[in-house]
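All remarks here apply to the structure that follows.
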Amino acid sequence: MKIAVASGKGGTGKTAISTSLSAVVKQKVHLLDCDVENPNAYLYMKPEDVVNERATVLIPEIDHDACIRCDKCIDACQFGALVDAGENIMFLSTLCHSCAACWTVCPEEGVITPVTREFGDINHGVSQRDRPIKFTEGMLDITEMITPTMIGKVKGFIDPENISIIDSPPGAGCPLYETVDDTDYVVLVTEPTVFGLHDLRRAHKLIQEMGIPVGVVINRSTIGKAPVREFCDENNIPILLEIPFERIIAEKYSSGELLIDIIPELHDKFTEVLNTILETVQEATA
Amino acid sequence: MNIMIILAPMSEKTTTAKLSARFARADYFAFIDTETKEIEFVENPHKDSQHGAASKVLSWATKKGVTVMISDQLGHTAVQVVDNNPNLTAYLSNDLTLDKIADAIANKELPVYPEGEVRSHGKHGGSGSGRGSGRGRN
């Protein structure tokens, strides 16, 4: 089972929710940090025995002398990574999504060769709480722009035997789509501010169109007056949990503690949230 | 002077209009034929492209014979392509209207777009690693 924790707006508490949610799972659990531009769940999970591997993609290497300039590769590249630059075809590596279209359509053997390019790190470890939590994170190299590609790499380590909790990037575009695609449930974390509601609407619209069951966690629920609860009521979105704004949470969370350790009563509430999600998914798949 | 085709981004199909501040996502492009003085307006086919609008526009324009372009703002990708295409020269418009552009270029009155300088209204940055020959401009 795959549960994504997303938001729309940045800074609502996705990581705070996904880390505590993973810590109350009694089955085999795997936390995957797909917020690959700035992953920080490791600050809270403190994984041990971390193993690093470089993430790679295949990119085209063009033999300009052998190229017959049919330009089929340029036409095939939906990302604009190949450009007619006069005498030669120019390759823009950061636009390349490694879709293989260019070397597939090239009619001349050996003119476009796929070669490996590194673009980030994938780290694996285990967080030793009362039971081990498998941990994987992706981290793009600075200036890299192929966020969905890295997210796909991280999700490639999902084991269907585990309950996978996926910490999503903010936004409501391609990175979010890639993260929640093929998940069983999405938890949208928001706050009752104008910004929180605005971005919740956008993220919810995407998740709704994808047909994935969704629930909302209202973090810092005692700040702001935006009608988040009314929005949830109008759209039949269950509110899974409300966490009030408390200084002690802000202070201790900032020093790397899990919500369920800061406020022990939250442990049972997170367990209830997890059970609600599990029941919803079971009903949806029955 | 040699015959050339000039590419100019436009937000309206009017010869007395100034150029669009946007390049790759301009509504239209004007193609100016310096021999016939004809100006053809073409809808930008890549205006709504999700990815690589600048590089797609430049490939499209190059195939149409463009060797000179005018823009006051170029993003990172366009700058890379222009800097690495020895057959393409970019100029700043000096706030001229479209109908004045061809003569201004012929009379060498327009400054060349500063090499390597990203002037973008957008928020997207990032870097590429183009493999063009980088032989500068004419």
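A few notes on this one:
- Residues of the range A:47-87 that are open to solvent by less than 40 Å² (accessible area, probe 1.4 Å), touching a Gly at 6+ places or on another chain (Cβ under 6 Å) and away from chain B (no Cβ under 11 Å): A:Pro47, A:Ala55.
- Counting only helices (runs of 4 or more DSSP H) wholly contained in the range A:174-286, the ones carrying 1 or more residues that are at negative phi and in contact with a Lys or Arg (Cβ under 8 Å, 6 or more places away or on another chain) occupy A:174-180, A:194-210, A:228-234, A:259-262.
One line per residue, one yes/no per condition, for (1) exposed (fewer than 14 other Cβ atoms within 10 Å of the Cβ); (2) within 25 Å of the chain's Cα centre (by Cα):
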{"site": "A:Val228", "(1), (2)": "no, yes"}
{"site": "A:Phe231", "(1), (2)": "no, yes"}
{"site": "A:Glu234", "(1), (2)": "yes, no"}
{"site": "A:Ile239", "(1), (2)": "no, yes"}
{"site": "A:Ile243", "(1), (2)": "no, yes"}
{"site": "A:Ala250", "(1), (2)": "yes, yes"}
{"site": "A:Leu258", "(1), (2)": "no, yes"}
{"site": "A:Pro264", "(1), (2)": "yes, no"}
{"site": "A:Asp268", "(1), (2)": "yes, no"}
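- Residue in the range A:98-106 that is polar (S, T, N, Q), within 30 Å of A:Glu257 (Cα to Cα) and open to solvent by 30 Å² or more (accessible area, probe 1.4 Å) present: no
- Flag if A:Asp141 is acidic (Asp, Glu), in contact with a helix residue (DSSP H, G or I) (Cβ under 9 Å, 6 or more places away or on another chain) and either more than 19 Å from A:Val51 (Cβ to Cβ) or open to solvent by 30 Å² or more (accessible area, probe 1.4 Å) (or both): no
- The range B:70-102, residues that are touching a strand residue (DSSP E or B) at 6+ places or on another chain (Cβ under 7 Å) and of a type in the set (S, T, N, Q): B:Ser71, B:Asn84, B:Asn85, B:Asn87, B:Thr89, B:Ser93, B:Thr97
- The single condition among (1) open to solvent by less than 30 Å² (accessible area, probe 1.4 Å); (2) modelled with pLDDT of 95 or more; (3) hydrophobic (A, V, I, L, M, F, W, C) that B:Val79 does not satisfy is (2).
- Residues of the range B:25-42 that are without any contact (Cβ under 8 Å) to a residue 60 or more places away in the chain, part of a loop (DSSP other than H, G, I, E, B) and either touching a helix residue (DSSP H, G or I) at 6+ places or on another chain (Cβ under 9 Å) or under 17 Å from B:Ile105 (Cα atoms) (or both): B:Arg25, B:Ala26, B:Glu35, B:Thr36, B:Glu38.
Yes/no per residue for (1) of a type in the set (A, V, I, L, M); (2) in contact with a His (Cβ under 8 Å, 6 or more places away or on another chain); (3) open to solvent by 30 Å² or more (accessible area, probe 1.4 Å); (4) within 14 Å of chain A (Cβ to nearest Cβ):
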{"residue": "B:Ala30", "(1), (2), (3), (4)": "yes, no, no, no"}
{"residue": "B:Ile39", "(1), (2), (3), (4)": "yes, no, yes, no"}
{"residue": "B:Lys56", "(1), (2), (3), (4)": "no, yes, yes, yes"}
{"residue": "B:Asp83", "(1), (2), (3), (4)": "no, no, no, yes"}
{"residue": "B:Ala90", "(1), (2), (3), (4)": "yes, no, no, yes"}
{"residue": "B:Asp99", "(1), (2), (3), (4)": "no, no, yes, no"}
{"residue": "B:Ala104", "(1), (2), (3), (4)": "yes, no, no, no"}
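- Residue in the range B:13-24 that is more than 21 Å from B:Ala106 (Cα to Cα), within 13 Å of chain A (Cβ to nearest Cβ), open to solvent by 30 Å² or more (accessible area, probe 1.4 Å) and modelled with pLDDT of 95 or more present: no
- Unmet criterion (only one of (1) under 17 Å from the mean Cα position of the chain (by Cα); (2) at pLDDT below 95; (3) farther than 16 Å from A:Ala55 by Cβ) for A:Lys134: (2)
- Just one residue in the set B:Ser49, B:Ser71 is modelled with pLDDT under 95, open to solvent by less than 40 Å² (accessible area, probe 1.4 Å) and away from every other protein chain (no Cβ under 13 Å); that residue is B:Ser71.
- If you go through the range A:134-162 and keep only what is assigned to a loop (DSSP other than H, G, I, E, B), over 14 Å from A:Leu95 (Cβ atoms) and within 14 Å of another protein chain (Cβ to nearest Cβ), you end up with A:Asp141, A:Ile142.
The values are calculated or read from the model by the stated rules, or taken from the named source; none is laboratory data. Here the structure is a predicted model, which means the values were calculated and not measured. Every residue, glycine among them, receives a Cβ derived from its backbone with ideal geometry; neighbour counts consider all protein chains shown. Note: accessible area is taken over every heavy atom of the protein model, side chains too, but ligands, DNA and RNA are not part of it. Shrake-Rupley method; radii C 1.70, N 1.55, O 1.52, S 1.80 Å.
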